[in-house]
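These notes concern the structure reproduced below.
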Amino acid sequence: MSGPEDRARRTLTDAPADLLLDRLAGELERSYQVTRVELFQVDYRLAVLLPLREGEPITGPGHPAWRCFDHQEPIVNDGTGWFPVGMRGERRGVLRLSPVPDDPTAVGELAGIATALGHELEAVAASTDIYLTAQRMRRLTLAAEMQWELLPGRSRIRPSFSLAGQLEPAYAVRGDSFDWSDDGHRLWLSVINGLGEGVAASMLTSLATHALRNARRAELGLADQAALADQAIYALHRGEQHLSSLLLELDLASGRLTVVDAGSPRLVLLRDGEVTEQVLEKQFPLGMFEGTDYQEQHFELQRGDRLFVVSDGVIDATGQNVRYGETALDRFLRRTGPMEPLDAVRSLIGDLRAFVSGDLVDDAVVVCLDWLGPQP
């Protein structure tokens, strides 16, 4: 005989895409006497938790909803519970439930149900716009819509690594982007520092991203992946358009990092509290010349190492005619040591917004990768 958690999970699986929360609310009331159910999703700027149906947006960092989101654990106050909603490290938001039973077993079951909701939200994303639309404080530009559709997610957690990234300005990003994939043995990461304006920039980045994916899925080496993307861009634009990219492949059994620097964003290592820029062999951006022969470099990571990849838009961010610069960046990165990668990325973006007194003007991408060491 199935228990209430199993019934709630089955309810989510059987519910129509647009009625996930309604059907879940009905089941939670029957099984747990929970009468109020609301989903709050984090917006594209990682700055606001937005309600799907009712309630005010949540912005205050000290709010229980944000503590739940930040620490990824249930928070229960005065009968109201906040439960993290996500999937495989990808944080979608939080589920607000009340009244929550004063029973640790029930709280644990409700946390499992919130996680199941995160999986279902991902499963139905291609068939309805309801949940994506509710994540927006305002309309995305067309270029930004295209860029966000390219992303694999904003965070990923595996036993041997943890990974997060963010695009800015979130609602108007043009050409900067990132992509990743892993097969349990290797992690591939590419970060693109885009070129151009508007839709033209997003189309160029889209071409590069799909070319890199095509080469990766054909199981080509990293240098050959860069070469294929280089040829695809050059064949279309004959050198008139090109873009900078950094390609990385991490062996999850050894920590050996392979890198191809195609005119890339900056790669920074945080090790034992010290920040150093990795010295890379600068090679031509993708699509600049015909038939570029790319070379790989190799580094050995140590357990606990953290890598940041940042595009020019981070270092060149300007506030009151002053550049953010490498010194301010290095100083801030040292402070992120205790943070999870997504929190480190969020904090850096928040510092940049404070520095420029608002949203960034130029595109910026920040990616953070923690190497946790080989796992059995």
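Where a number appears in this text, it was derived from the coordinates with a stated rule and is not lab data. On a predicted model such as this, the values are computed, not experimentally measured, just so you know. A quick note on method: Cβ atoms are made from the backbone with ideal geometry, for glycine too, and the neighbour counts reach across all protein chains shown.
Assorted remarks:
- By average C-beta atoms within 10 angstrom, highest first, the peptides 111-117, 243-249, 253-259: 243-249, 111-117, 253-259
- Nearest-ten-degree value, helix 341-356 long axis tilted from longest Cα axis of the chain: 70
- Distance in nm between pseudo-label sites at ARG238 and GLU73 (7 Å out along the Cβ direction from Cα): 6.2
- At 1.306 mPa s and 10 °C, Stokes D of segment 66-172 from Kirkwood alpha-carbon radius, µm² per second: 103
- Total charge dipole magnitude, the chain, about the Cα centre, Cβ charges on Lys, Arg, Asp, Glu only, Debye to nearest 20: 420
- Centre separation in Å (Cα based) which lies between segment 60-110 and segment 164-216: 32
- Degrees separating the helix 20-32 axis from the principal Cα axis of the chain, which is the longest one: 40
- Degrees separating the helix 198-217 axis from the principal Cα axis of the chain, which is the longest one: 90
- Estimated FRET transfer efficiency (HIS210, GLN320; beta-carbon r; R0 56 Å; 0.05): 0.90
- Dimensionless Rg over Rh [segment 4-133; C-alpha; Kirkwood]: 0.93
- Distance (nanometres) between label positions extended 7 Å along Cα→Cβ at LEU19 and THR59: 3.6
- When the convex hull of its Cα atoms is projected in every direction, mean area for the chain (nm²): 19.8
- Percentage relative contact order, the chain, counting C-alpha pairs under 8 Å, at least six apart: 14
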